[in-house]
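Input: a single structure, listed below in structure tokens.
The values are calculated or read from the model by the stated rules, or taken from the named source; none is laboratory data. Values in this document were obtained by computation on a predicted structure and should not be read as measured data. Because the Cβ atoms are built from the backbone with ideal geometry, glycine has one as well, and the counts that use them run over all protein chains shown.
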Amino acid sequence: PTDVSILWSLTVPVGGQDDSTKAVITLQPPWVSVFQEENVTLWCEGPHLPEDSSTRWFLNGTTIQTLTPRYRITAATVNDSGEYRCQTGLSVPSDPIQLEIHRDWLLLQISNRVFIEGDPLALRCHGWKNKLVYNIVFYQNGKAFKFSPQDSEFTILKTNLSHNGIYHCSGMGWHRYTSAGVSITIKGLQSPTSVWFHVLFYLAVGVIFLVDTIFCTIIHKELQRQKKWNLEISLGSGHEKKVTSYLQKEIQSEEELKCQQ
């Protein structure tokens, strides 16, 4: 058979922040890629409302018509591929789980696609319809790193940045088969120094913004006060000119009257 697969990138929380009210999806079996016609069960864990254990499920953003914490896929098809999320009564939506449905002779199954440094990485070289596969070789970026005569599973107990790359496997059945490549990303841990740097940076920005706001308010009030003062002076000067002009006219009138007499 030819490989018919749909690939998505795994979305992770920004900054690696943990949210205790976020629902979590687990898979059974624990692989994010399976063959067509295989069964998969998704479990949703999260806080519930009292006397209400209903769970909402979403596939590619569309609501799935089930309210149970377990969502079972029987005899998977390509249509079951996509981004799964769940949400319980008191939780926020879970991070997405990207499920791939394949049709090929050999499939490298992985427990996830994106890991935090230090997490375990489980690999399985899986034959179509559970066909026996032996003399298995695991590869990273085209280089063999593990050979096993019979055991089709291998776990890297503690990942680090050197484990980033494209993985595939090969194994013997009727012939030697090779799986498609799978991209695995290892994200480095955020150091405490880096965390404090970000905290202090945003705190400093906030203080600067506050000081600028206060400074601008003071300047604005001072300008308004000076404008009002100048206006009062201007009005006062105009009034004085009018009084002076009136007095001059009165004096001139009196002098003219005396001259006439």
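Worth a mention:
- The range 165-178: number of residues that are out of contact with any Leu (no Cβ under 8 Å at 6 or more places or on another chain) and either surrounded by fewer than 16 Cβ atoms within 10 Å (Cβ to Cβ) or over 23 Å from P120 (Cα atoms) (or both): 5
- Residue ID - surrounded by the most Cβ atoms within 10 Å (Cβ to Cβ), chosen from residues in the range 46-87 that are at pLDDT below 95 and of a type in the set (D, E): D52
- Residue match in the range 148-162 (condition: among the aliphatic types (A, V, I, L, M), in contact with a helix residue (DSSP H, G or I) (Cβ under 8 Å, 6 or more places away or on another chain), surrounded by fewer than 17 Cβ atoms within 10 Å (Cβ to Cβ) and assigned to a strand (DSSP E or B)): no
- All positions within the range 156-190 that are without any contact (Cβ under 8 Å) to a residue 60 or more places away in the chain, of a type in the set (S, T, Y) and closer than 24 Å to I101 by Cβ: Y167
- Within the range 60-75, the set of residues being of a type in the set (V, I, T) and either touching a Lys or Arg at 6+ places or on another chain (Cβ under 9 Å) or assigned to a loop (DSSP other than H, G, I, E, B) (or both) comprises T63, I64, T66, T68, T74.
- Entirely in the range 76-141, the strands (runs of 3 or more DSSP E) that have 3 or more residues that are of a type outside the set (K, R), within 27 Å of F58 (Cα to Cα) and touching a residue at least 60 places away in the same chain (Cβ under 8 Å): 82-88, 97-102, 106-110, 114-116
- Residues of the range 91-110 that turn out to be surrounded by fewer than 18 Cβ atoms within 10 Å (Cβ to Cβ) and either within 18 Å of G165 (Cα to Cα) or of a type in the set (S, T, Y) (or both), as a count: 0
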